[in-house]
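Reading through the structure tokens given below for one structure.
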Amino acid sequence: MATGSKAAAWLAALLTAAPIAAHHSGAMFDSDKSVTLTGTVREFQWTNPHCWIQLSVAGAGGVEEWSVEMGAPLQLYQGGWKPKTLQEGDKLEVVIHPMRDGTKGGLFVAAKSLDGKTLGRAP
């Protein structure tokens, strides 16, 4: 194989492997535990590859910010979410699978407004 062909083959392999390596596993979340957070939306990020809720939650030492990882925008849209489902200042209750390392974050499970309305389609 010529040097140019080898370089092209390596480049093609690198480019196709990069997206796979960039996607993380769910091992960082403790799926055996659920935590319910009540707080105020600081930001709702409708972005690829994952949407996020930045939630301000009252804690022992004051207000703590929690990062809640969600699915991709297409998955959320199929689940009844839209880019404007959450607005800054909205009060809500979110259930997450927490981070194993104890950092203030987790994987989204469900959410509802404080008046009890389920956000998105009920599972």
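The values are calculated or read from the model by the stated rules, or taken from the named source; none is laboratory data. None of these values were measured; they are calculated from a predicted model. Note: ideal-geometry Cβ built from the backbone for every residue, glycine included; neighbour counts use all protein chains shown. Accessible surface areas use protein heavy atoms only, side chains included; no ligands, DNA or RNA. Shrake-Rupley method; radii C 1.70, N 1.55, O 1.52, S 1.80 Å.
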When every residue in the range 12-37 that is β-branched (Val, Ile, Thr) and open to solvent by 70 Å² or more (accessible area, probe 1.4 Å) is compared, the one modelled with the highest pLDDT is 36
With respect to residue 86, is the statement that it is of a type in the set (A, V, I, L, M) and open to solvent by 70 Å² or more (accessible area, probe 1.4 Å) true? no
Between 72, 110, 60, which is surrounded by 15 or more Cβ atoms within 10 Å (Cβ to Cβ) and not charged (D, E, K, R)? 110
Taking the criterion of being more than 15 Å from the chain's Cα centre (by Cα) and hydrophobic (A, V, I, L, M, F, W, C), would at least one residue in the range 46-59 satisfy it? yes
Here the qualifying pairs (Cβ atoms under 6 Å; residues six or more apart or on different chains; first in the range 77-91 and more than 11 Å from residue 40 (Cβ to Cβ); second open to solvent by 40 Å² or more (accessible area, probe 1.4 Å) and part of a loop (DSSP other than H, G, I, E, B)) come out as 79/121; 80/121; 83/46
Might you let me know whether the range 41-53 holds any residue that is in contact (Cβ under 8 Å) with a residue 24 or more places away in the chain, over 22 Å from residue 114 (Cβ atoms) and open to solvent by less than 50 Å² (accessible area, probe 1.4 Å)? no
Might you check whether a residue that is closer than 21 Å to residue 121 by Cβ, among the β-branched types (Val, Ile, Thr) and part of a loop (DSSP other than H, G, I, E, B) occurs anywhere in the range 28-41? no
Residue count for the range 63-86, restricted to those that are more than 14 Å from residue 119 (Cβ to Cβ) and among the β-branched types (Val, Ile, Thr): 1
